[in-house]
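A.B. asks: Encoded as structure tokens, here's the structure I'll be asking about.
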Amino acid sequence: MRPLRKLSCLCDWGTSMRARCVLLLFVLLAFGSGMTPASAKLLALIVGNNTYQEVPPLQTAVNDAQAMREALQRAGFAVTLVENGTKRQISRAMATMEGAISPGDTVLFHYSGHGVEIDGQNWLLPVDIPTAKEGEAGLIKDESFNAADIIDRFRARGARQVVAILDACRNNPFAQGGTRALPATRGLARMEADGGVFIMFSAGTKQEALDRLSAADPEKTSVFVRSFLPLLGRQDLTLIDMAKETQEKVRALARSAGREQVPAYYDGIVGRVTLTGELPSARAGTPPPAITPDPPSAGNGQSENLFWQSIQNSSDPAMFQAYLDQVGAGTFTGTYKVLAQIKLAALQPKAAQQPATKPIPSPPPAAGQATASPPPVPGNAPLDAAVTACDQAAADTRDPDKPAAVTGVRLSADSASAAIAACSKAIAVPGAPRRVYYQLSAAYGQNGQDALALAQLQKAASLGHGLSLYELAGRYLAGRGVPKDAIKALSLYYKAIDGNYGPAVSRIAWMYANGLGASRDYRKAVAIYELGVKNKEPTAYSGLGLLYLKGQGVAKDVGKACDLFRQGASAGDADAAGNLNAKCPPG
């Protein structure tokens, strides 16, 4: 580990050097340890207890558990659910989970139900927990589960990381009238999170978690779970990011009911960790080998991907500038170049003293970037014919993935059936390009089969198809076929940039301008629109022009606005042409 210690000392030399050192550290760590094994699994054990036999029942714990199961399954976890579990049922589920864990797996444990602190430790109660009075603490310990022991059991099986979410911070269930209650306290005690462990409580130490805001509360889940759930699908958030956003949401909801509840978390994981993975650490005692970066044409983006994962949630513009510098130097292929420029532009108001980003010539696309799966095999006539037939029947004129020789078509109800037939054959071909899933989705949509259209759109989006990500974001904004979720939409628009779909830049700026998915910030909107204009994205001119017209985020300048409308109209943008005709004098 000596070389790493020496390198960390270099990183105290100032902001620019620190950014370069962060880059070098992550490149070295990436090649020094290897990635998470491909066989590593995502496992979750969820317990929700409402119907207690001898202590007061709860209202939302089972609903919480069911909602968590659905969200975690969507995130890729294999979930074991226990509803209203007795001591034996929970014990059996834990034993089954232990048997399923292999070294390197990620394990999540979520418990919603009664829990108590006794002698500084936290005990989770099955539904058959007996009543207890003063002097019977040993009985409760014998008949319940020590939260720390559960975590230790999973770690002992070699889990790479264990995430424990404990929604059990309620009143002492043994405090019943007419008896001298067992002296358990309200809420749960602090817990130490050792290496590889992240623990989150639904409330802070000695605070009580709310099931509902009032008797008239229509929500079926607890205040904590309803705040936490929307964040589970966001791949751009680390565990700490999720905890911080949940704290803000829960506190605001609780205060609206005149209560105080702020979830607590305890982090024992080194590095930036998402719910499903983390950047690898160097093997203990193994110095990292010397690195010779692959040339951009090699298409091996492991170090670039790792570095991007390490900075993507940063609020330090120097991190994104460091990435762009390496693109300019040829170290990285530029897979995330446009997204880095957007992030840098969004942070510009906080970094007014930073030098402006210099334009970087666009490198050729990285190998494999255009398609998420192998390209059609040359000379394979059936494969070429199937994909070509789908392109001819349903290729979208807006799609950067379509072959240059294909003009694209406008699907109609009359042509949809033929397109469905052609593209159904195309997606059955091994190595079919991701665009054919989008084309099949569009054909289903024209044929009035929205559920099938959504399924194929989600498939194409999962493969990183930019236009699909853009269209799926629009569905989340409108709540069309999916839950209405502006935060999710904003995340998908960012991913659409990775998929090389330029108009997503304008949608991101528009969302900041309208306070959708993020706090309203006109200055960020201006900066992102300007980046779109700089990259000659036709849809950006009109949005930026409207901000100049209204004086939002910039000084009001009607002349500048009209000039932007003219440029956008010349680039073929209908909105810019409409604004030019409606808001600007002729000539």
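None of the figures in this text is laboratory data; all of them are computed from the coordinates on show. Everything numeric in this text was worked out from a predicted model, so none of it was measured. Cβ: placed from backbone, ideal geometry, glycine included. Neighbour counts: every protein chain shown.
A.B. asks: Using amide H atoms built in the peptide plane, which far-off residues or other-chain residues are under 5 Å from V197 H to H?
C.D. replies: Close amide H contacts, sequence-distant or interchain: V162, G268, I269.
A.B. asks: Taking the Cα atoms of segment 196-269, what is the range of coordinates along each of the three principal axes, in descending order and whole Å?
C.D. replies: Result for segment 196-269: principal-axis Cα extents of 39, 28, 16 Å.
A.B. asks: Ranked highest first by the average count of other Cβ atoms within 10 Å around their residues, in what order do 206-215, 123-132 fall? Numbers along the way, then the final one.
C.D. replies: On the way: 206-215: 17.1, 123-132: 21.4.
Highest to lowest by the protection proxy: 123-132, 206-215.
A.B. asks: Okay, moving on. Taking every Cα atom in segment 397-481, find the radius of gyration and the maximum pairwise distance Dmax, and write them in Å.
C.D. replies: In order Rg, Dmax, the Cα atoms of segment 397-481 give 12.1, 36 Å.
A.B. asks: Which of the peptides 490-499, 411-420, 532-541 is most tightly packed, and how do the rest follow, judged by the mean count of other Cβ atoms within 10 Å per residue? Write down the numbers at each step before the final one.
C.D. replies: Numbers: 490-499: 23.3, 411-420: 15.7, 532-541: 21.2.
Result, highest mean Cβ count within 10 Å first: 490-499, 532-541, 411-420.
A.B. asks: Across all directions of projection, what mean area in square nanometres is found for the Cα convex hull of segment 100-157?
C.D. replies: Numbers: hull surface 19.2 nm².
Taking the Cα atoms of segment 100-157, their convex hull projects to 4.8 nm² on average.
A.B. asks: Shifting gears a bit: Rounded to whole Å and sorted largest first, what semi-axes of the equivalent ellipsoid does the C-alpha gyration tensor of segment 395-552 yield via the square root of 5 times each eigenvalue?
C.D. replies: Equivalent-ellipsoid dimensions as semi-axes: 31, 17, 13 Å.
A.B. asks: Any idea what the alpha-carbon Rg over 2.2 N^0.38 Å comes to for segment 472-587?
C.D. replies: Numbers: Rg = 14.3 Å, N = 116, 2.2 N^0.38 = 13.4 Å.
Rounded to two decimals, the normalised Rg is 1.07.
A.B. asks: Right, another one. Specify whether the C-alpha gyration tensor of segment 523-568 places it in the rounded, prolate or oblate class, a ≥ b ≥ c being the square roots of the eigenvalues: rounded for a/c under 1.5, otherwise prolate if a/b is larger than b/c and oblate if not.
C.D. replies: On the way: a/c = 2.39, a/b = 1.18, b/c = 2.02.
Oblate, since a/c reaches 1.5 and b/c is not below a/b.
A.B. asks: Please give the FRET efficiency for Q392 paired with T96, using the beta carbon to beta carbon distance and R0 = 56 Å, rounded to the nearest 0.05. Don't skip to the answer; put the middle values down first.
C.D. replies: Working: r = 52 Å, r/R0 = 0.92.
Once the sixth-power term is evaluated, E becomes 0.60.
A.B. asks: Ranked highest first by the average count of other Cβ atoms within 10 Å around their residues, in what order do 575-583, 146-154, 475-483 fall? It would help to have the intermediate numbers written out before the result.
C.D. replies: Values: 575-583: 17.3, 146-154: 19.0, 475-483: 15.4.
Highest-to-lowest ranking by the protection proxy: 146-154, 575-583, 475-483.
A.B. asks: Which pairs, out of K337/K488; K141/K488; K220/K337, put more than 31 Å between their alpha-carbon atoms? Don't skip to the answer; put the middle values down first.
C.D. replies: Values: K337/K488 22 Å; K141/K488 42 Å; K220/K337 43 Å.
Table pairs above 31 Å Cα-Cα are K141/K488; K220/K337.
A.B. asks: Does segment 493-545 come out rounded, prolate or oblate, given a ≥ b ≥ c as the square roots of the eigenvalues of its C-alpha gyration tensor, rounded meaning a/c under 1.5 and, failing that, prolate meaning a/b above b/c?
C.D. replies: Values: a/c = 2.18, a/b = 1.20, b/c = 1.82.
Judged from the Cα gyration tensor, segment 493-545 comes out oblate (a/c at least 1.5, b/c at or above a/b).
A.B. asks: Between the alpha-carbon centers of segment 405-432 and segment 197-212, tell me the distance in whole angstrom.
C.D. replies: 51 Å
A.B. asks: Hey, if you drop one equal point scatterer on each alpha-carbon of segment 231-277 and run the Debye formula without solvent, what base-10 log of I(q)/I(0) do you get at q = 0.14 Å⁻¹?
C.D. replies: Each listed q maps to, in turn, -0.39.
A.B. asks: Over all directions, the average projected area of the alpha-carbon convex hull for segment 66-140 comes to how many nm²? The partial results should precede the final answer.
C.D. replies: Numbers: hull surface 25.3 nm².
For segment 66-140, the mean projected area of the Cα convex hull comes to 6.3 nm².
A.B. asks: May I pose another question? Given q = 0.22 Å⁻¹, what are the Debye log10 I(q)/I(0) values for segment 425-474, with equal point scatterers placed on the Cα positions and solvent ignored?
C.D. replies: For segment 425-474 at q = 0.22 Å⁻¹, log10 I(q)/I(0) is -0.69.
A.B. asks: Okay, next question. What are the lysines whose alpha-carbon lies under 23 Å from the alpha-carbon of K556, with same-chain residues fewer than 8 places away excluded?
C.D. replies: Counting by Cα, and skipping residues close in sequence, K556 has these lysines nearby: K350, K524, K534, K536, K583.
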